[in-house]
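Every number in this text was worked out from the coordinates using simple rules, so none of it is lab data. All values reported here derive from a predicted model rather than from experimental measurement. So basically every Cβ, Gly included, is an ideal-geometry build from the backbone, and we count neighbours across all protein chains shown.
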Amino acid sequence: MTKQEISRHFPSLEKELVDEMVEVADIKTFKEGEVVLRTGQNIRSAILVIDGLVKVYREDEESSEFFMYYLGPGKACAISLVCALGKGTSGLMAKATTDATVMSIPLPYVDDWMGKYKSWAQFAVSTYRERFEELLQTIDHVAFRNMDERLLFYLKRHQEKFKTNIVSISYTEIAQDLNSSREVISRLMKKLAERGMIKQRRSEVEIIDLGKALT
């Protein structure tokens with residue numbers, strides 16, 4: 001990973017910090033579907049996404065999954081930052097939604113850079129805030145919205161993160177992400193199609209217009 005590539009994805013970081021990153025960072029690539037971070041895993045580094053998308057979700061004791069948020073290029077896993085500073089373990093799972101490249105910063109540097117580089121401390125605080133706001137959105141929809149509203153929010157977020165109107169995720173996976181059943185998701189998708197908001201195809205869904213329903 002070159003200095004230019006790091007600066008392009010993380011433009012707020014100081015030149016001296018980028019120089020150190022080139023020296024100490026470990027670059028890892030993950031194929032679509034591969035696990036980036038496991039629940040209960042000891043955190044030994046902070047994870048920053050360089051390319052691709054990583055899905056972060058919560059698992060229960062029966063391995064049921066609940067979708068939390070996506071991490072795209074230029075974003076960092078807040079859990080890895082927090083746990084790295086406290087030498088803790090992960091309470092979330094992270095999996096590559098597409099082929100992804102991540103940069104791992106060893107634990108000692110995560111702590112040292114907090115006091116050494118203002119831009120790193122600001123980046124960490126910004127990361128905490130962004131992830132917290134996304135978690136609040138997810139909690140609000142779980143606590144206060146019906147499943148049809150949660151599905152619309154899910155589709156809209158997918159559209160924004162992947163920058164496409166085509167949703168190639170199976171109804172089973174959507175149901176897992178929303179802690180629902182495939183039958184419920186299928187029924188709600190049919191209603192959205194009847195209202196002209198989506199088009200259902202054999203293996204994907206095309207988003208036509210979600211705007212009116214989300215306002």
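Summary table
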{"read-out": "C-alpha long axis of helix 182-194 to longest principal axis of the chain, angle in °", "value": "70 degrees"}
{"read-out": "Separation of the ARG157 and ARG182 label points, Cα + 7 Å toward Cβ, nm", "value": "2.3 nm"}
{"read-out": "Difference of contour (0.36 nm per residue) and Cα-Cα distance, ARG201 to VAL35", "value": "56.9 nm"}
{"read-out": "Taking N as its residue count, the alpha carbon Rg of the chain over 2.2 N^0.38 Å", "value": "1.10"}
{"read-out": "Extension reserve of the ASN146-SER170 stretch, reckoned as 0.36 nm per residue once the Cα distance is removed", "value": "6.6 nm"}
{"read-out": "Too-long pairs where the Cα-Cα distance tops 20 Å, listed order kept, from LYS15/LYS55; LYS3/LYS163; LYS163/LYS190; LYS31/LYS161; LYS163/LYS199", "value": "LYS15/LYS55; LYS3/LYS163; LYS163/LYS190"}
{"read-out": "Karplus 3J(HN,Hα) series, Hz, for segment 3-12 with 6.51 cos²θ - 1.76 cosθ + 1.60 (x for Gly, Pro)", "value": "4, 5, 5, 5, 5, 5, 7, 10, x, 7"}
{"read-out": "Signed unit charges on C-beta, dipole axis of the chain, positive-most listed residue PHE132, MET21, ILE105", "value": "PHE132"}
{"read-out": "Segment 1-110: GluC sites (Glu not before Pro) in DSSP coil with no more than 16 other Cβ atoms inside 10 Å", "value": "GLU14, GLU32, GLU34, GLU61, GLU62"}
{"read-out": "Extension gain from SER126 to GLU16, taking 0.36 nm per residue of separation minus the Cα-Cα distance", "value": "37.6 nm"}
